[in-house]
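A short write-up of the structure that comes next.
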Amino acid sequence: DAKLINQKQTATMAKMTPLPTNKYLLLLSIIIGHSLLGGYYAGTRPEGAGWRFFSWHPFLMMVGMVGLMGTATLTKKRMGYTNTKLHGMIAWAGLLSSYAGFYVIYQNKNTMGKDHYTTLHSKAGLAALLGSTMLGMAGGGVFHPDFC
């Protein structure tokens, strides 16, 4: 049974090919550009509000969850030892950016005297942040190339 499973895994891996450099760079520029511009745009809404403390929340969340985690996913698709390690580092940088965005909104709510976790947006965001953290811990512990 173990031999058959290993043969199936080997066959599946043989079908996988690394993401070519030109596609990688194109997708990377789209994802990073979208996260930076989208984060800035969301941070300056409603129109005319300008940049303020709250603006860091959508900006950091977009950069973290879209820009950095998207980059980490594409980097893993490049395959190999170095790209696997880069994937983990970039993904954790995305989490740190997202936690900074979480800090901003938490402090903003405190400053305004508002309750926390009252909307579906806040509950889904917290679930996504905690879920991503658990995935990062599991990936770092189970799939780290130096420990496998």
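The values are calculated or read from the model by the stated rules, or taken from the named source; none is laboratory data. Since the structure is predicted, the reported quantities are computational estimates derived from the model, not experimental observations. Cβ: placed from backbone, ideal geometry, glycine included. Neighbour counts: every protein chain shown. Only protein heavy atoms, including side chains, enter the accessible area calculation; ligands, DNA and RNA are left aside. Shrake-Rupley method; radii C 1.70, N 1.55, O 1.52, S 1.80 Å.
Which members of region 84-110 meet the condition of being hydroxyl-bearing (Ser, Thr, Tyr) and touching a residue at least 40 places away in the same chain (Cβ under 8 Å)? I'd like the intermediate steps shown before the answer.
Looking only at region 84-110, we keep the residues that are hydroxyl-bearing (Ser, Thr, Tyr), and these are 84, 97-99, 103, 106.
Thr84, the sole residue that qualifies.
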Selected residue (criterion: modelled with the highest pLDDT) from residues of region 9-21 that are over 16 Å from Thr71 (Cβ atoms) and part of a helix (DSSP H, G or I): Lys15
Search result, residues across region 27-53 that are under 19 Å from Gly125 (Cβ atoms) and either crowded, with 20+ Cβ neighbours inside 10 Å or of a type in the set (Val, Ile, Thr) (or both): Ser35, Gly39, Gly43
Any helices (runs of 4 or more DSSP H) falling wholly within region 54-148 and containing at least 1 residues that are open to solvent by 80 Å² or more (accessible area, probe 1.4 Å), farther than 21 Å from Pro18 by Cα and among the aliphatic types (A, V, I, L, M): 81-112, 120-142
